[in-house]
Amino acid sequence: MIFEMGDVVNFLSKGAFETSRNASLKNREELDNLLSAKIPKYTTEDTSLVVFGSLAREEWTSGSDLDWTYLIDGEANSDHLRIAQSIQAILRENENRFRAPGSTETFGNMAFSHDLLHQIGGQNDTNKNTTRRILLLLESFPIGKRTEAYDRIMQGVINRYLEEDMNPLTHDGKRYRVPRFLLNDIVRFWRTMAVDFAM
């Protein structure tokens, strides 16, 4: 049987994708088990641990780092900081399995739904906040048994984008309209990524 070069590339790619996907599923489960053993209620009705990047996309490899955020939807209390610090400490102890996120401090800490939802397009909407919000939509995955906070915040972000324009996805007789704040955030995120890549 003769194989074309494209067939070989396809075969190798499928194998690599399957390996990464299996590694991702395994590491998500191991991460939950690791945290649950030391912080039994690290996720609640108002909190979710969310991962981004390769673990969320199911592209985990031995060189991946763990981009995570402790997402809070509700009133802040001292337990949130304590749990976020415990998660940081546990992951530091297991850095051979879960490498720390980059030094930008976009990940590896807490994020509040108020900032993600109510700073859209405002003066206090930082690059860090925009990045978290866009990646929440594009490539995020909740870890643990409880995902209510994650689900509410995802729905809230989508609703906020769509509410900025009345009937943004309907035909008004002249043109289709794209939600302006969503378009603005995508452009801002692209520019941030381009600048980071250039540096």
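Quick note: the coordinates plus some simple rules give every number you see, no bench work behind them. Given the structure is predicted, the values throughout are model-derived calculations rather than measurements. All Cβ positions, even for glycine, are placed from backbone atoms using ideal geometry, and neighbour counts span all protein chains on display.
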task: Rounded to the nearest 0.05, what FRET efficiency do Thr104 and Glu148 give with R0 = 41 Å and r taken as the Cβ-Cβ distance? Could you check?
output: 0.90
- line: Total charge of the residues flanking Thr47 in space, meaning their Cβ is under 10 Å from its Cβ, with Lys and Arg +1 and Asp and Glu -1, is -3
- line: Here the gain from full extension of Ser78 to Leu162, 0.36 nm per residue of separation minus their alpha-carbon distance, amounts to 26.9 nm
message: At 7 Å along Cα-to-Cβ for each site, give me the label-to-label distance between Ile39 and Val187 in nm.
response: 3.8
- prompt: Which ordering of Phe17, Phe52, Phe141 is given by a fewest-first count of other beta-carbon atoms within 10 Å?
  reply: Phe17, Phe141, Phe52
statement: Square roots of five times the C-alpha gyration tensor eigenvalues of region 5-198, ordered largest first and given in whole Å, equal 29, 25, 16
